[in-house]
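The structure appears right after this line, and notes come after that.
Please treat every number below as a calculation from the coordinates, not as lab data. Since we're looking at a predicted model, the values are computed, not measured. Virtual Cβ from ideal backbone geometry, glycine too; neighbours counted across all protein chains shown.
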Amino acid sequence: MEFKEKLPTPVELKERFPVLEEIRKIKNDRDDQIIDIFTGNDDRFLMIIGPCSADNEDAVLEYMRRLRTLQDKVSDKIFIIPRVYTNKPRTIGVGYKGMLHQPDPTKKEDLMEGLIAIRKMHIHVVEETGFTCAEEMLYPENHRYLSDLLSYVAVGARSVENQQHRLTASGIGIPAGMKNPTGGDISVMINSIIAAQNPQKFIYRGWEVSTPGNAYSHAILRGYVDKFGRSHPNYHYEDLEMVHSFYENHPELSNPAVIVDCNHSNSGKKYMEQIRIAKDVIHSRRIDSDMKKLVKGLMIESYLEDGNQKIGDGVFGRSITDPCLGWKKTEKLMLEIYNEI
């Protein structure tokens, strides 16, 4: 390893780019509302929605402004948590790894500038729209760079078996969604939830730390891939029933909850399928009161323009990673869900 540059600690970066008291109040209020949804004290439906990767601040802010207008139309039934994902896992370890690595996707990696860029972008989203957002916790040690801005964290399918992810999730103070692993073993996901809900003691960023446990750690179903590389969904009623049974067999778990990821292996990365999948899940909730209590929301990949593009193609607001629903289809779907729940 070549040690290239000493990066600031989270405390140092927060001191350099602080959040105002108004932003703290917004985050605290949104965190309380989201927790009420997970505990069942608020029956609104969660929509965790936004670009596959937040690759361009101008496009992200334009998307968030539109989403804010839409949130105001559906706020009595739907609570939106925007996806502002700045870390992207790469299956083979190469390619665009998100704004943290490349604040400009057309230029070389620059982690110092990336840390600054992602913090500034999250601050600008809250300032302009009042949204506090969701991130994937790809690197547990990086969470605290944004911990005063985020309201939701997802642990990905390739990370969910990792001990450090599970232990860190136990101490973040906001809901943490644990995705089922790529192989589809639901018990792995449940074990992750158990670990995250329990108090833990471990080494984190050079410190001995202890955590109280995260009562709002929960399941995310994202489909799976078999040994032949074929995608299989796990959003159907029978799949939801199975997760419900797992929760019933683990009464020590608090706040049973499922979020359904409508893309990834559930859709086979066919982004238009997200529309059908979302409606299928809404139907399962409508016909079964247990499913309505269990399924707290959906995760959808959406951006300004349909599909995806190569880096450098230059279409404003089109994904440079996985294909996403464009804005018109997103707005239509959100309003249809609003009318059906």
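Assess whether residue 286 counts as being surrounded by fewer than 19 Cβ atoms within 10 Å (Cβ to Cβ) and without any contact (Cβ under 8 Å) to a residue 12 or more places away in the chain. No: the conditions fail for residue 286.
Remark: residue 322 falls outside the filter, which requires a residue to be of a type in the set (D, E, K, R), in contact with a strand residue (DSSP E or B) (Cβ under 7 Å, 6 or more places away or on another chain) and without any contact (Cβ under 8 Å) to a residue 60 or more places away in the chain.
Among the residues of segment 81-98, the ones that are over 23 Å from residue 8 (Cα atoms) and surrounded by 21 or more Cβ atoms within 10 Å (Cβ to Cβ) come to 3 in all.
For segment 272-279, the criterion of being under 24 Å from residue 300 (Cβ atoms), crowded, with 19+ Cβ neighbours inside 10 Å, of a type in the set (Val, Ile, Thr) and touching a Pro at 6+ places or on another chain (Cβ under 9 Å) is met by at least one residue.
Here are some residues: 82, 89. Which one is in contact with a Cys (Cβ under 8 Å, 6 or more places away or on another chain), closer than 16 Å to residue 134 by Cβ and of a type outside the set (D, E, K, R)? Outline the logic, then answer.
On the way: 89 fails: in contact with a Cys (Cβ under 8 Å, 6 or more places away or on another chain).
Matching residue, one of 82, 89: 82.
Selection over segment 114-132 of residues that are closer than 23 Å to residue 11 by Cα and either surrounded by fewer than 19 Cβ atoms within 10 Å (Cβ to Cβ) or of a type in the set (S, T, N, Q) (or both) gives a count of 6.
In segment 236-261, how many residues are under 21 Å from residue 337 (Cβ atoms) and out of contact with any Leu (no Cβ under 6 Å at 6 or more places or on another chain)?
Of all residues in segment 236-261, those under 21 Å from residue 337 (Cβ atoms) come to 236-237, 239-240, 243, 257-261.
Now restrict to residues that are out of contact with any Leu (no Cβ under 6 Å at 6 or more places or on another chain): 236-237, 239-240, 243, 257, 259, 261.
Within segment 236-261, residues that are under 21 Å from residue 337 (Cβ atoms) and out of contact with any Leu (no Cβ under 6 Å at 6 or more places or on another chain) number 8.
Of everything listed in (1) surrounded by fewer than 20 Cβ atoms within 10 Å (Cβ to Cβ); (2) more than 17 Å from residue 105 (Cα to Cα), the single unmet condition for residue 322 is (2).
Name the residue that is farthest from residue 241 (Cα to Cα), counting only residues in segment 177-218 that are of a type in the set (A, V, I, L, M, F, W, C) and surrounded by 21 or more Cβ atoms within 10 Å (Cβ to Cβ).
Here is the first cut: in segment 177-218, the ones of a type in the set (A, V, I, L, M, F, W, C) are 178, 186, 188-190, 193-196, 202-203, 207, 209, 215.
Adding the requirement that they be surrounded by 21 or more Cβ atoms within 10 Å (Cβ to Cβ) leaves 178, 189, 193, 196.
Details: 178: 18, 189: 15, 193: 18, 196: 22 Å.
In this case the residue turns out to be 196.
Here segment 232-256 is the region considered, the condition is being surrounded by 15 or more Cβ atoms within 10 Å (Cβ to Cβ) and in contact with a strand residue (DSSP E or B) (Cβ under 6 Å, 6 or more places away or on another chain), and the residue that is nearest to residue 165 (Cα to Cα) is 243.
What residue, among those in segment 50-73 that are among the aliphatic types (A, V, I, L, M) and farther than 22 Å from residue 175 by Cα, is nearest to the chain's Cα centre (by Cα)? Here the residue is 60. With the structure loaded, tell me whether residue 19 is in contact (Cβ under 8 Å) with a residue 12 or more places away in the chain, more than 21 Å from residue 117 (Cα to Cα) and surrounded by fewer than 20 Cβ atoms within 10 Å (Cβ to Cβ) or whether it fails that test. Judged against the criteria, residue 19 is not a match.
Scanning segment 65-103 for residues that are closer than 28 Å to residue 158 by Cα, touching a Phe, Trp or Tyr at 6+ places or on another chain (Cβ under 6 Å) and of a type in the set (A, V, I, L, M) yields one hit, 81.
Of all residues in segment 99-113 being in contact with a Leu (Cβ under 8 Å, 6 or more places away or on another chain) and either touching a residue at least 24 places away in the same chain (Cβ under 8 Å) or among the aliphatic types (A, V, I, L, M) (or both), which is surrounded by the most Cβ atoms within 10 Å (Cβ to Cβ)? Talk me through it step by step, then tell me what you get.
Pass one, segment 99-113, residues in contact with a Leu (Cβ under 8 Å, 6 or more places away or on another chain): 100-101, 111-112.
Among the residues that remain, those that are also either touching a residue at least 24 places away in the same chain (Cβ under 8 Å) or among the aliphatic types (A, V, I, L, M) (or both) are: 100, 111-112.
On the way: 100: 24, 111: 16, 112: 14.
My answer is 100.
Quick check: is even one residue across segment 13-25 part of a loop (DSSP other than H, G, I, E, B), within 27 Å of residue 159 (Cβ to Cβ) and not hydrophobic (A, V, I, L, M, F, W, C)? No, the conditions are met nowhere in segment 13-25.
Would you say residue 152 is touching a strand residue (DSSP E or B) at 6+ places or on another chain (Cβ under 6 Å), within 16 Å of residue 134 (Cα to Cα) and buried (at least 16 other Cβ atoms within 10 Å of the Cβ)? Answer is yes for this residue.
Within segment 225-240, being under 18 Å from residue 298 (Cβ atoms) and either touching a residue at least 40 places away in the same chain (Cβ under 8 Å) or in contact with a Pro (Cβ under 7 Å, 6 or more places away or on another chain) (or both) holds for 233, 234, 235, 236, 237, 240. Inspect all residues belonging to segment 248-264 and state whether any of them is over 19 Å from residue 188 (Cα atoms) and in contact with a Ser or Thr (Cβ under 6 Å, 6 or more places away or on another chain). Checking segment 248-264: not a single residue is over 19 Å from residue 188 (Cα atoms) and in contact with a Ser or Thr (Cβ under 6 Å, 6 or more places away or on another chain).
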